[in-house]
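Step one of this worksheet: look at the structure below.
Bear in mind that the values in this text are calculations on the coordinates, not laboratory data. The structure presented is a predicted model; accordingly, all values stated were derived computationally and were not measured. As a convention, Cβ positions derive from the backbone with ideal geometry for all residues, glycine included, and neighbour counts pool all protein chains shown.
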Amino acid sequence: MKYMLLICVERGAKETGEGPTIEQWLDEVEGKREHGSAFMSPNDATTVRTRGDEVLLTDGPFAETREFIAGYDLIDVADLDEAIRIASRHPCARIGAVEVRPLEKED
Amino acid sequence: MSIEAVFRAERGRVVASLIRMTGDWDLAEECVQDAFAQALERWPRDGVPHRPGAWLTTTARNRALDRLRRAAVEATKLWEAALLTGPDEPGDDSGIRDDLLKLIFTCCHPALTLDARVALTLRTVLGMGIAELARVFIVPEQTMAKRLVRAKQKIRNAGIPYRVPPAHLLPERTNSVLGVVYLLFTEGYARHGLTSEAIRLAGTLTELMPDEPEVLGLHALLLLHDARRATRLDDAGEIVLLADQDRSRWDAGRIAEGLRLLDTALRRGRPGPYQVQAAIAACHVTATDTTDTDWAQIALLYGELARFTPSPVVELNRAVAVASAHGPAAGLALVDDLTAGGALAGYHLLPATRAELLARLDRTDEAAAAYRDAIALATNDTEQRHLERKLAEIA
């Protein structure tokens, strides 16, 4: 099954220095991670809404919160237990949170 | 055994096998319901079969096969039907036991909310009806039905595996299962009827995981607690304290079984919080009265419990045991520490315990004030009346 890991951290969160580094984590998920990337700052985001004929733009992320999405990883694994294990070892799980979202199945 | 009793005993196993075979929770439950309906028709006429569980599983399986064949226009459905005709015969007991364990672990998966775990376990494993579940949890039937649908949807959509967890996950996941059983039991005191379901589930787990000492420990704990059920309230529904309970009315059968389970568990040499709590309950049920009770041992056990699950409520219980073992002044010192700590602010048993110890030290005015604090904080009428009686006794 495919899962999107949404990497959420708070502004100004500092790494704890414990657990696997991002390089070690990437080694561990070799062959299971289809792609992924860190994002530029939410300050650089542009939110787009089309209403009727009008395209409305907002400077910033679609929801202004203390926590923001700092990156994503798309993984293909056996089940939720494996996805949880991989998410729990991501360095940002220690300082923020990782939302594990199953992708809609293709029929 | 009545047909009703057979259904109750077998339903979890039959549903578990059908889910494994079809991979479809709703289809499994519907086909099991159909099989029960057939049994209700035939068994009174032909007699209950020699192996009712196997009969029900085969009948439900045939029903599922039938329905899948009829719907087998899509390739995936054909594949499911093929699975059903696989070599896995429902007569194999070890497979069926394994299925039930898979079902229990899946229902208690920590990615589901605790409410969902409890409802799903009661419904799917123990076969409780939706109307009954709704009554027990004091929510409308529709809400309960929605909660169950949502939980089953998440199991399917999020890819929660239908299996007994592998070794590295087993201790953590077993705790999640035991937590659900324990919650059923403690909630069961307030909500009639759940205690026996909790004990039934604990018994099933003991049968399925006889080498897990905490499983046996929890089963023992529930039996030893439940042995005293008949004496906890008097005929008028008022609380009867342990010291005043009629010990001859404690359930000797449950006590013997609980002690035997606890003994087996402790011999494995891997203690845990449920075994410690069962050991505390064992100290109470094996004493002839409260003066004969080994309070020093109980105080030590509460200290041990605090190491596994640190909590101010455990500390309060330890204080009560210390007071009984080493005198009210020693207990009061611990209670005063807890009061100063503030973690139990608002919990009526803290001032109630303080009042009790102050009264024993003949500090009557302070005791009365503490009882009044406790009465103001008590959350139900039975407790309030009990405290008012205690206040009247010292006034």
- Starting from the amide H of A:Gly71, placed 1.01 Å from N in the peptide plane, find each other amide H under 5 Å away whose residue is 5 or more places distant or on another chain. A:Ile7, A:Phe39
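What is the Cα convex hull volume of chain B when expressed per residue in Å³?
Details: hull volume 67.9 nm³, N = 395.
Looking at chain B, the number lands at 172 Å³ per residue.
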- Note on the structure: For the range B:113-128, in residue order, the Karplus 3J(HN,Hα) values (coefficients 6.51, -1.76, 1.60; θ = phi - 60°; whole Hz; Gly and Pro = x) are 5, 4, 4, 5, 4, 5, 5, 5, 5, 4, 6, 7, 7, 9, x, 6
- Task: Could you compute the FRET efficiency for B:Arg51 and B:Arg385, with r as their C-beta to C-beta distance and R0 at 41 Å, rounded to 0.05?
- Result: 0.20
- Message: Place a point 7 Å from the Cα of B:Asp115 along the Cα-to-Cβ direction; which residues of the range B:156-180 have their backbone N under 18 Å from it?
- Response: B:180
- Note on the structure: Placing each pseudo-label 7 Å from Cα in the direction of the beta carbon, B:Asp336 and A:Arg11 end up separated by a distance in nanometres of 5.0 nm
- Message: Using a 10 Å cut-off around each Cβ, can you sort B:Arg97, B:Arg45 from fewest to most neighbouring Cβ atoms?
- Response: B:Arg45, B:Arg97
- What the 10 Å binned alpha carbon P(r) of the range B:1-48 shows, as percent of pairs per bin from 0, is 27, 50, 22, 1
- Task: Could you tell me which of rounded, prolate or oblate describes the range B:130-211, using a ≥ b ≥ c as the square roots of the eigenvalues of the alpha-carbon gyration tensor, with rounded for a/c under 1.5 and, failing that, prolate when a/b is larger than b/c and oblate otherwise?
- Result: oblate
- Item | Percentage of interatomic Cα-Cα distances in the range B:90-179 larger than 15 Å | 60 percent
- Message: I'd like to know how the range B:292-386 sits against the 2.2 N^0.38 Å rule of thumb: what's its Cα Rg over that expected value?
- Response: 1.06
- Note on the structure: Rounded to 0.05, the calculated FRET efficiency for the beta carbons of B:Asp211 and A:Glu18 at R₀ = 41 Å is 0.75
- Query: Cα gyration tensor of the range A:1-65, axes a ≥ b ≥ c as square roots of the eigenvalues: rounded (a/c below 1.5), prolate (a/b > b/c) or oblate?
  - Reply: oblate
- Does the protein assembly as shown come out rounded, prolate or oblate, given a ≥ b ≥ c as the square roots of the eigenvalues of its C-alpha gyration tensor, rounded meaning a/c under 1.5 and, failing that, prolate meaning a/b above b/c? oblate
- Query: Seen from all sides and averaged, what is the projected area of the convex hull of the Cα atoms in the range B:232-292, in nm²?
  - Reply: 4.9 nm²
- Item | Compactness of the range A:58-107, expressed as Rg and Dmax over alpha-carbon positions, Å | 13.4, 39
- Task: Determine, for A:Glu82, A:Glu106, A:Glu67, B:Glu197, the number of other Cβ atoms within 10 Å of each Cβ, and report the residues in order from fewest to most.
- Result: A:Glu106, A:Glu67, A:Glu82, B:Glu197
- Which distance in nm do the two modelled labels at B:Glu4 and B:Ala167 give, with both placed 7 Å along the Cα-to-Cβ direction? 4.7 nm
- Note on the structure: Distance in nm between A:Met4 and A:Thr50 label points, each 7 Å along Cα→Cβ, equals 1.9 nm
- Task: May I ask for the net charge around B:Ala158, where only other residues with Cβ less than 10 Å from the Cβ of B:Ala158 are counted and Lys, Arg are +1 while Asp, Glu are -1?
- Result: +2
- Note on the structure: Per the range B:201-337, sqrt(5λ) over the Cα gyration tensor eigenvalues, sorted largest first, in Å, gives 25, 21, 12
- Item | Karplus-derived 3J(HN,Hα), 6.51/-1.76/1.60, for each residue of the range B:195-208, Hz, glycine and proline x | 4, 5, 5, 4, 5, 4, 5, 4, x, 4, 5, 4, 5, 7
- Message: Distances longer than 21 Å among the Cα atoms of the range A:18-107: what percent of all pairs is that?
- Response: 45 percent
- Item | Calculated from backbone phi, Karplus (6.51, -1.76, 1.60) coupling profile of the range B:250-265 in Hz, x at Gly/Pro | 5, 7, 4, x, 5, 4, 4, 5, x, 5, 5, 5, 4, 4, 4, 4
- Taking alpha-carbon centroids only, the range B:31-72 lies from the range A:1-62 a number of Å equal to 51 Å
- If you find the alpha carbon centre of the range B:254-287 and of the range B:321-395, how far apart are they in angstrom? 29 Å
